[in-house]
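Single-structure report; data block below.
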């Protein structure tokens with residue numbers, strides 16, 4: 001078979017299920033290698049992996065240089081231009097782009113893999129085909145169904161992923177997390193972006209930016225904790241600092257993300273999104289493409305939200321609330337049974353009083369994991385057409401539940417019971433167990449599983465059985481699950497720091513130490529635990545920026561209220577009536593809110609140099625369009641004169 005003899009650099013792997021019929025595999029291969037101009041194929045290079053025991057389950061895919069350049073133009077990939085700007089790639093203008101002298105290395109390997117992935121997703125059956133070869137009972141609609149979507153629905157494809165490149169990864173990891181100096185210098189985010197794409201790069205840049213922002217609050221928190229002065233001045237100072245600092249943090253982040261977006265060619269990114277593979281609906285003519293596309297009535301999606309998704313979310317919130325009050329009852333009984341005194345049993349009593357908080361924190365972690373799956377299923381059930389809409393709806397569900405589940409106990413203890421000792425105890429347990437639990441579930445556990453699978457492959461190799469790199473990555477590495485889990489971890493920690501650090505300043509120090517190691521642990525996970533993700537274009541951290549902005553605003557209310565509820569602060573203002581005291585702090589809260597919005601207004605989201613460069617590009621585009629119109633007008637005038 002010609003496909004077996006192809007000689008090329010493999011870039012993407014398709015891992016078939018062992019139950020996939022050979023006829024079905026060959027059908028997909030024929031469509032992948034078919035020429036574009038003749039059979040509307042993908043014109044890719046394909047061969048089976050050389051592993052002698054994989055039963056043709058591993059398919060390696062590459063492409064010729066001409067095909068990759070054509071794909072880069074079709075995807076409108078932006079590349080550095082010789083006038084220090086980024087422009088959409090055009091084959092006819094290739095010599096005016098940087099590094100066009102060596103075309104083999106002109107495109108990043110991650111960009112090549114993205115081009116191939118787009119072609120794989122878009123390959124369709126032939127017009128005359130009505131059933132899947134090897135599965136005659138499965139009907140297809142050639143004008144709509146893609147081959148990848150059809151095989152996914154039949155569970156014939158386990159995964160599709162780009163191959164890790166050992167040489168590129170070593171160059172990236174050396175400065176990223178493997179060297180001794182990596183703890184003391186900033187990561188080269190451009191190398192991360194070139195290897196993993198903008199979406200992953202933005203996560204790591206946000207984590208590093210947030211970790212650096214924790215340094216000053218950690219130092220100030222230490223000083224406040226050790227300062228023997230009045231509680232009023234200490235808490236007021238730290239509260240006002242929190243409001244200003246975290247507002248500046250978010251505004252500075254917006255500037256940094258816009259600067260990176262411009263450098264990476266994703267500023268004002270507008271992508272024509274194709275429908276999600278799992279999207280379904282009736283075939284109707286699209287007003288945009290004028291072709292038959294799946295359409296799902298909006299009213300059905302709205303009904304699903306209000307009659308299914310929201311009631312289930314409310315039930316989950318009610319369960320979270322019930323679990324907290326059950327814990328609260330147990331905690332009250334434990335505190336009564338084990339009073340703290342100066343006896344020899346002080347340590348034992350302290351340990352027993354901590355056990356309910358420990359159990360509650362473990363329940364919170366378990367509920368978070370369960371709800372993530374529930375929220376994913378609900379968002380799938382709502383049948384969103386575009387990936388951006390899907391992600392926004394999923395983020396909103398996760399935000400609401402995580403906010404309730406993680407912070408309800410702290411709010412109740414702080415604002416209803418005014419028991420700040422319990423707040424400190426809960427915060428301490430949450431932070432410690434979160435760090436330990438996440439290290440095991442996200443890094444240590446998956447890595448141990450990977451080592452176990454790798455040892456099995458080594459045993460096969462010792463029996464003179466060839467094990468290829470593609471098979472190693474397909475079997476030993478976990479499928480990339482996106483950055484959602486990592487953002488949720490930062491979101492939860494950020495909430496503890498921004499909302500309650502006025503009561504427990506030490507939490508900023510704990511968060512800083514944890515994040516220094518978390519940054520390196522996540523980098524290791526992305527390189528050695530996960531399969532390499534296809535790059536995804538992005539201009540910021542997406543809808544998560546709104547979630548962090550909301551927390552920053554809520555932090556103003558909570559920090560102001562925490563100061564007002566301190567007994568020592570109330571004693572400081574003992575000459576005021578309760579109404580006057582409350583009014584004073586309400587006014588203070590409004591002043592701080594106004595200060596937050598003033599800071600946001602004073603710090604523009606787009607740096608000045610980026611705004612200038614953007615306007616310069618717009619001017620050059622308008623000039624080029626004007627020159628083209630004048631050239632056409634002159635050409636038309638010459639034609640009229642000849643007549």
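The values are calculated or read from the model by the stated rules, or taken from the named source; none is laboratory data. Note that the coordinates shown come from a computational prediction; the quantities given were computed from them, not determined experimentally. Note: ideal-geometry Cβ built from the backbone for every residue, glycine included; neighbour counts use all protein chains shown.
Observations
- Output for the range 32-42, where each listed residue is farther than 26 Å from residue 472 by Cα and either surrounded by fewer than 21 Cβ atoms within 10 Å (Cβ to Cβ) or more than 34 Å from the chain's Cα centre (by Cα) (or both): 34, 35, 36, 37, 38, 39, 40, 41
- Single condition residue 213 does not satisfy, out of (1) modelled with pLDDT under 85; (2) closer than 30 Å to residue 591 by Cβ: (1)
- Of the criteria (1) at pLDDT 85 or above; (2) within 21 Å of residue 617 (Cα to Cα), which one residue 81 fails: (1)
- The set of residues in the range 585-604 being exposed (fewer than 14 other Cβ atoms within 10 Å of the Cβ) and modelled with pLDDT under 85 consists of 597, 601, 602.
- From the options 175, 145, 168, residue that is surrounded by 15 or more Cβ atoms within 10 Å (Cβ to Cβ), assigned to a loop (DSSP other than H, G, I, E, B) and free of Cβ contacts under 8 Å to residues at least 60 places away in the same chain: 145
- Meets criteria (on the phi > 0 side of the Ramachandran plot and touching a residue at least 12 places away in the same chain (Cβ under 8 Å)) for residue 221: no
- Any hit, the range 479-486, residues being in contact with a strand residue (DSSP E or B) (Cβ under 6 Å, 6 or more places away or on another chain) and crowded, with 16+ Cβ neighbours inside 10 Å: yes
Residue by residue, here is whether (1) more than 29 Å from the chain's Cα centre (by Cα); (2) at pLDDT 85 or above holds:
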position: 286; (1), (2): yes, no
position: 295; (1), (2): no, no
position: 307; (1), (2): no, yes
position: 312; (1), (2): no, yes
position: 356; (1), (2): yes, yes
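- Output for the range 326-349, where each listed residue is surrounded by 12 or more Cβ atoms within 10 Å (Cβ to Cβ) and either over 16 Å from residue 427 (Cβ atoms) or under 36 Å from the mean Cα position of the chain (by Cα) (or both): 326, 327, 328, 330, 332, 334, 335, 338, 340, 345, 346, 349
- Of residues in the range 57-88 being under 27 Å from the mean Cα position of the chain (by Cα) and in a loop (DSSP other than H, G, I, E, B), the one nearest to residue 160 (Cα to Cα): 75
- Verdict on residue 162 being more than 23 Å from the chain's Cα centre (by Cα) and either assigned by TED's automatic domain parsing to the domain that holds residue 24 or more than 24 Å from residue 40 (Cβ to Cβ) (or both): no
- For the range 116-126, the set of residues classified as farther than 18 Å from residue 294 by Cβ and surrounded by fewer than 18 Cβ atoms within 10 Å (Cβ to Cβ) consists of 118, 126, listed by residue number.
- Subset of the range 331-362 (residues that are within 18 Å of residue 405 (Cα to Cα) and free of Cβ contacts under 8 Å to residues at least 40 places away in the same chain): 356, 359
- Complete set of residues in the range 178-189 that are touching a residue at least 12 places away in the same chain (Cβ under 8 Å) and assigned to a helix (DSSP H, G or I): 182, 183, 189
- Hits in the range 91-131 (condition: assigned to a helix (DSSP H, G or I), in contact (Cβ under 8 Å) with a residue 60 or more places away in the chain and either more than 22 Å from residue 38 (Cβ to Cβ) or touching a strand residue (DSSP E or B) at 6+ places or on another chain (Cβ under 7 Å) (or both)): 109, 110, 111, 112, 113, 114, 116, 117, 120
- Residue 134 falls short on exactly one of the conditions (1) in contact (Cβ under 8 Å) with a residue 40 or more places away in the chain; (2) surrounded by fewer than 16 Cβ atoms within 10 Å (Cβ to Cβ), and that condition is (2).
- Hey, residue 50 at pLDDT below 85 and either in contact with a strand residue (DSSP E or B) (Cβ under 7 Å, 6 or more places away or on another chain) or assigned by TED's automatic domain parsing to the domain that holds residue 276 (or both) or not: no
- Among the conditions (1) more than 18 Å from residue 471 (Cα to Cα); (2) surrounded by 13 or more Cβ atoms within 10 Å (Cβ to Cβ); (3) modelled with pLDDT of 90 or more, the only one that residue 65 does not satisfy is (2).
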